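The values are calculated or read from the model by the stated rules, or taken from the named source; none is laboratory data. These numbers were taken from a predicted model, which means no experiment stands behind them. A quick note on method: Cβ atoms are made from the backbone with ideal geometry, for glycine too, and the neighbour counts reach across all protein chains shown. Areas reflect the complete protein model, heavy atoms only, side chains present, ligands, DNA and RNA absent. Shrake-Rupley method; radii C 1.70, N 1.55, O 1.52, S 1.80 Å.
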Amino acid sequence: MMPGAPFEYRVRRSPRARRVRVSVDGAGDVEVVLPRRAPEREAAQAVRELEPWIRRRRRTLARAAAEVARPVGTVPYLGRDLRLVPQPGRERVHRRGDELLVPRRDAAAAIERWYRRQARAEIAPRLDASVRRAGTGYSGLTIRGHKTRWASCSSTGHMSFNWRLLLAPEAVLDYVVEHEVCHLEVMDHSPRFWALLESRVADWRDHARWLRRYGPTLVL
């Protein structure tokens, strides 16, 4: 942390960044994204200037996390709580009903790998069913772990989804899939796009609001 900055923060340089960006994650940690050639002091300056907003954001995130708090020793999975069961000698995570059998060592990394595998298994059939209903098609599916983007649809029809969507209720995942499939027909967020989405997911606003409020809390 630079002298004079009111919070601890981490700096990440991005060749694509055109300006300084400050974000607060679900744990309340502050990240400053700097353009590649920006001086380090600009990070501390941005944190000082945004101190009131950072404090408000941390309070908002803390309230949201408390509202969706889960039992200790569990992880969320499409609206259900799976109880973690460490087992000696285990290397791969395996689900058994509402239990998740996990390694005793390096469990966090193994659990994330399991979620990434499950994300493809959960999303692919939903995506296939959605494009069949829409009469469209997509060119590929990628599972990613972005911190700020939940999904995307490229101009070539390639779909990308965040594995952390499996930490949300099932209806939220279904909404995000339909949202991206609508982009196969309308690439922007024009009134035409929102009308198309509403024709397929009448309560999409509820799911979008849930994701805005609780999305940052979707961490293991």
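Per 5 Å bin, what percent of the C-alpha pairs of the chain does each bin hold, from zero upward?
1, 6, 12, 14, 15, 15, 15, 12, 7, 3, 0, 0
Report the equivalent ellipsoid semi-axes for the range 160-199 in whole Å, largest first, defined as the square roots of five times the eigenvalues of the gyration tensor built from alpha carbon atoms. Walk me through the numbers on the way to the answer.
Numbers: eigenvalues 89, 23, 9 Å².
Its equivalent ellipsoid spans semi-axes of 21, 11, 7 Å.
In Å³ and rounded to a whole number, note down the convex hull volume per residue for the Cα atoms of the range 30-142.
220
Where only protein heavy atoms count, and the probe is 1.4 Å, what is the accessible area per residue for the range 1-111 in Å²? Please report the intermediate quantities before stating the final value.
Details: 7230 Å² over 111 residues.
Averaged over the residues of the range 1-111, the accessible area is 65 Å².
Please list 62-73, 119-130 highest first by mean number of surrounding beta-carbon atoms within 10 Å per residue. Please report the intermediate quantities before stating the final value.
Details: 62-73: 11.5, 119-130: 16.3.
Ranking, from highest mean packing down: 119-130, 62-73.
With every protein chain left in place and a probe of 1.4 Å, what is the accessible surface of residue 156, to the nearest 10 Å²?
100
Pick from 49, 99, 178: which residue has the top mean-square fluctuation in a GNM of the chain where Cα pairs under 10 Å get a spring?
Result for the chain, Cα springs under 10 Å: 49 fluctuates most.
Which residues does a label at residue 134 reach in the range 151-172, if reach means a backbone N under 20 Å from a point 7 Å past the Cα toward the Cβ?
Correct set: 151-166, 170-172.
Need one value: the accessible area of residue 53 in square angstrom, 1.4 angstrom probe, rounded to the nearest 10.
For residue 53, solvent-accessible area is about 90 Å².
Mind ranking 115, 9 by accessible surface for me, highest first, 1.4 Å probe? The partial results should precede the final answer.
Working: 115 0, 9 30 Å².
Highest to lowest solvent-accessible surface, that is 9, 115.
Given a Förster distance of 25 angstrom, what is the FRET efficiency for residue 25 paired with residue 124, based on the Cβ-Cβ distance and rounded to 0.05? Kindly include the intermediate steps, with their values, before the conclusion.
Numbers: r = 28 Å, r/R0 = 1.13.
Rounded to the nearest 0.05, the efficiency is 0.35.
Out of every Cα pair in the range 98-217, what percent are spaced more than 21 Å from each other? Working shown, then result.
Values: 2827 of 7140 pairs.
Here the long-distance tail beyond 21 Å is 40 percent of all Cα pairs in the range 98-217.
Roughly speaking, what is the stretch gain from residue 85 to residue 156, that is 0.36 nm per residue apart minus the C-alpha to C-alpha distance, in nm to one decimal? Intermediate results must be reported in sequence, preceding the final value.
Details: separation 71, 0.36 × 71 = 25.56 nm, distance 4.23 nm.
Full extension from residue 85 to residue 156 adds 21.3 nm.
With +1 on the Cβ of every Lys and Arg and -1 on the Cβ of every Asp and Glu, and nothing else charged, how large is the dipole of the chain about its Cα centre, in debye rounded to the nearest 20? Please report the intermediate quantities before stating the final value.
Details: 43 positive and 26 negative charges, 135 e Å.
Its charge dipole is roughly 660 debye.
What relative contact order, as a whole-number percentage, does the chain give when Cα pairs under 8 Å and 6 or more residues apart are counted? Intermediate values should be presented prior to the final figure.
Values: 316 pairs, mean separation 34.5, N = 220.
Relative contact order comes out at 16 percent.
Please report the carbon-and-sulfur percent of the accessible area for the chain; probe 1.4 Å, protein heavy atoms only, DNA, RNA and ligands left out. Before the final figure, lay out the partial values.
Details: 6140 of 12630 Å².
Within the chain, the accessible surface is 49 percent carbon and sulfur.
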